[in-house]
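The values are calculated or read from the model by the stated rules, or taken from the named source; none is laboratory data. Everything numeric in this text was worked out from a predicted model, so none of it was measured. Neighbour counts run over all protein chains shown; Cβ positions are idealised from the backbone, glycine included.
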2 protein chains.
Amino acid sequence: MQDLSPPKNVQTSIDEAVVSGILSARIRPGTRLSENEVASLFNVSRTRVREAMMRLEQRGIVKVSPRRGWFVVEPSAEEAINVYAARRVIEAGLMRSMSRLTEAGRDKLHAHLAEEKTAIAAGDRQRLTCLMGDFHIRIAELSGNAILVEILRDLTARTILISLIYQSEFHAMQSHLGHCRIVAAMEEGDFLKAAELAIEHLDEVETGLDLTRRPDPLADLRHSLSLPPQTAVPSSNASRKPNHETNRGE
Amino acid sequence: MQDLSPPKNVQTSIDEAVVSGILSARIRPGTRLSENEVASLFNVSRTRVREAMMRLEQRGIVKVSPRRGWFVVEPSAEEAINVYAARRVIEAGLMRSMSRLTEAGRDKLHAHLAEEKTAIAAGDRQRLTCLMGDFHIRIAELSGNAILVEILRDLTARTILISLIYQSEFHAMQSHLGHCRIVAAMEEGDFLKAAELAIEHLDEVETGLDLTRRPDPLADLRHSLSLPPQTAVPSSNASRKPNHETNRGE
DNA sequence: CTTACGCATCTTGTATGCAAGATTTGTCGC
DNA sequence: GCGACAAATCTTGCATACAAGATGCGTAAG
């Protein structure tokens with residue numbers, strides 16, 4: 001799909017490598033990104049790594065803990081809610097602003113849905129994570145608006161990090177069907193319905209989160225030792241109903 | 001309103017100073033921001049200035065021309081169209097997602113409208129520019145969603161830069177009335193109507209742009225010499241009808 | 001065995017130095 | 001006077017050096 005080779009010689013190769021690693025779920029939330037290590041991996045000095053980190057921090061993808069290190073963000077429950085709310089606002093707004101689906105656009109969406117299907121059949125979870133996020137970027141691309149694509153790309157990255165923290169299992173087929181319904185509505189030219197379906201779809205996913213779960217600081221070690229994830233901390237209230245009515249006064 | 005003093009001792013004081021300067025129209029599009037000059041203004045080394053520039057570049061507020069310097073962006077016509085389209089999508093989506101207006105929220109909006117009114121009476125154009133942009137940030141703040149506020153804040157900054165390039169005169173009263181209508185609809189609890197009004201309002205402003213106009217490289221010098229702005233380059237097709245139907249297939 | 005302290009190590013924060021390229025300016029030739 | 005060339009100047013790009021703080025480990029005291 002994309003090329004993921006680190007030694008690409010552009011100005012933003014570091015940024016892209018990190019984002020691409022997150023979008024494909026190869027990098028977990030909370031991962032430390034040492035300036036020195038990244039610098040040697042890319043054969044550059046810390047200067048350029050820091051500049052990349054500054055950009056990534058601005059995008060809400062990494063955070064610095066002073067004199068401790070850079071870490072891939074672990075969105076809090078509140079941030080997770082905000083990310084989903086923002087996505088509902090933007091994606092629904094986007095669909096309502098559309099007036100028709102071109103043939104080229106339809107073909108791209110169909111191609112994407114086909115990829116999702118084969119990945120589900122293959123059961124490749126990493127690839128699925130990547131594709132499930134990409135779908136929403138594909139939608140944004142239909143608008144031809146680079147600004148919206150960028151915004152949704154970064155929100156998608158954060159969404160993936162959120163799901164890695166708060167989502168116990170992912171219902172790939174459910175999401176896939178949601179995507180299919182959205183595309184179908186768009187093909188009918190019913191973009192209001194598509195918008196509603198998009199909101200429902202995001203609700204479904206958000207409902208599947210367990211936001212009472214705390215980010216697990218041992219996740220990477222746990223994974224390295226092939227231990228089952230997070231079984232020691234069961235939480236009541238495992239799935240909530242998202243309440244996305246925005247009415248706060250301040 | 002905000003404090004605009006440069007020597008504020010936080011980590012992002014440079015970023016804030018630049019953005020605040022743009023939001024209040026004190027910094028024109030195309031302004032060069034020399035690393036050395038900014039560094040001495042803030043009594044820091046170029047390192048921190050560069051880091052700030054990296055963040056601002058990521059936000060679409062400055063651009064670097066290799067080995068020539070950093071410049072406040074001058075959005076192209078296409079970018080201008082995209083900015084307005086993105087704002088329509090997000091602001092309309094935001095309003096449609098709201099279910100009610102709290103008293104505190106209503107009070108803040110009314111306070112803001114009152115400020116607009118007094119600024120119009122005073123005829124303070126810089127302050128007006130600032131307020132007209134702030135209104136949309138106030139709306140985003142109602143949602144309590146920090147992510148959306150950030151996104152709209154940066155889009156507003158770009159909008160101001162766009163208007164400084166492409167807008168010959170600004171119809172402050174027209175904008176103010178648009179804002180009043182939006183607030184009225186929200187007070188009625190009719191957020192669908194508010195969304196439609198927001199789209200109309202943005203359309204109005206976009207229609208008032210003359211996107212055939214090229215950014216004037218001599219603008220600051222011209223201004224310093226108190227010459228009349230841009231009279232030498234008249235352009236036909238002075239105001240267009242915005243076409244914001246998004247239907248591109250790729 | 002447990003706890004507290006201190007040093008060694010590793011991290012980022014910041015400044016600075018140098019190189020490469022772009023621009024400008026001054027000068028020379030016509 | 002006018003245009004072309006060249007040096008001087010200014011810009012960012014990038015690496016490196018050093019300082020300040022956080023962490024962890026070993027050791028010693030209780």
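Tabulated data for the structure shown
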read-out: All positions within segment A:95-111 that are without any contact (Cβ under 8 Å) to a residue 60 or more places away in the chain and either of a type in the set (A, V, I, L, M) or more than 9 Å from chain B (Cβ to nearest Cβ) (or both); value: A:ALA104, A:ALA111
read-out: In segment A:56-67, residue nearest to DNA strand C (Cβ to nearest atom) [restricted to those that are within 14 Å of B:ALA52 (Cα to Cα) and within 8 Å of chain B (Cβ to nearest Cβ)]; value: A:GLU57
read-out: Any helices (runs of 4 or more DSSP H) falling wholly within segment B:36-145 and containing at least 1 residues that are within 22 Å of B:CYS180 (Cβ to Cβ); value: B:77-97, B:103-122, B:125-142
read-out: Matching residues in segment A:7-37 - criterion: being over 11 Å from A:VAL62 (Cβ atoms), among the β-branched types (Val, Ile, Thr) and out of contact with any Lys or Arg (no Cβ under 8 Å at 6 or more places or on another chain); value: A:VAL10
read-out: Only listed residue being more than 10 Å from chain B (Cβ to nearest Cβ) and surrounded by fewer than 20 Cβ atoms within 10 Å (Cβ to Cβ), chosen from A:GLU150, A:GLU115; value: A:GLU115
read-out: Check on A:ARG125, surrounded by fewer than 16 Cβ atoms within 10 Å (Cβ to Cβ), facing chain B (nearest Cβ under 9 Å) and out of contact with any strand residue (DSSP E or B) (no Cβ under 9 Å at 6 or more places or on another chain); value: no
read-out: Sole exception among (1) away from every other protein chain (no Cβ under 12 Å); (2) farther than 20 Å from A:VAL19 by Cβ for A:GLY144, by number; value: (1)
read-out: Pairs where the first residue, in segment B:140-162, is in the same structural domain as B:THR31 (by TED's automatic domain parsing) and the second is surrounded by 23 or more Cβ atoms within 10 Å (Cβ to Cβ), C-beta under 7 Å, 6+ apart; value: none
read-out: Of the criteria (1) within 14 Å of chain B (Cβ to nearest Cβ); (2) touching a Gly at 6+ places or on another chain (Cβ under 6 Å); (3) of a type in the set (A, V, I, L, M), which one A:ALA157 fails; value: (2)
read-out: Count of residues meeting criterion [more than 10 Å from DNA strand D (Cβ to nearest atom) and in contact with a strand residue (DSSP E or B) (Cβ under 7 Å, 6 or more places away or on another chain)] in segment B:40-60; value: 1
read-out: Any hit, segment B:190-206, residues being assigned by TED's automatic domain parsing to the domain that holds B:LEU113, part of a loop (DSSP other than H, G, I, E, B) and at pLDDT 95 or above; value: yes
read-out: Residue within segment A:40-55 that is within 16 Å of DNA strand C (Cβ to nearest atom), at positive phi and away from chain B (no Cβ under 14 Å) present; value: no
read-out: Failed condition for A:VAL72, given (1) among the β-branched types (Val, Ile, Thr); (2) more than 10 Å from DNA strand C (Cβ to nearest atom); (3) without any contact (Cβ under 8 Å) to a residue 24 or more places away in the chain; value: (3)
read-out: Residue in segment B:28-36 that is more than 14 Å from DNA strand D (Cβ to nearest atom), under 22 Å from the mean Cα position of the chain (by Cα), within 12 Å of chain A (Cβ to nearest Cβ) and of a type outside the set (Phe, Trp, Tyr) present; value: no
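Here's the yes/no breakdown for (1) over 15 Å from the mean Cα position of the chain (by Cα); (2) surrounded by fewer than 18 Cβ atoms within 10 Å (Cβ to Cβ); (3) under 20 Å from A:VAL89 (Cα atoms):
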{"position": "B:HIS136", "(1), (2), (3)": "no, no, yes"}
{"position": "B:ALA146", "(1), (2), (3)": "yes, yes, yes"}
{"position": "B:ARG158", "(1), (2), (3)": "no, no, no"}
{"position": "B:LEU161", "(1), (2), (3)": "no, no, no"}
{"position": "B:GLU169", "(1), (2), (3)": "yes, yes, no"}
{"position": "B:MET173", "(1), (2), (3)": "yes, yes, no"}
{"position": "B:GLY178", "(1), (2), (3)": "yes, no, no"}
{"position": "B:ALA185", "(1), (2), (3)": "yes, no, yes"}
{"position": "B:GLU196", "(1), (2), (3)": "yes, yes, yes"}
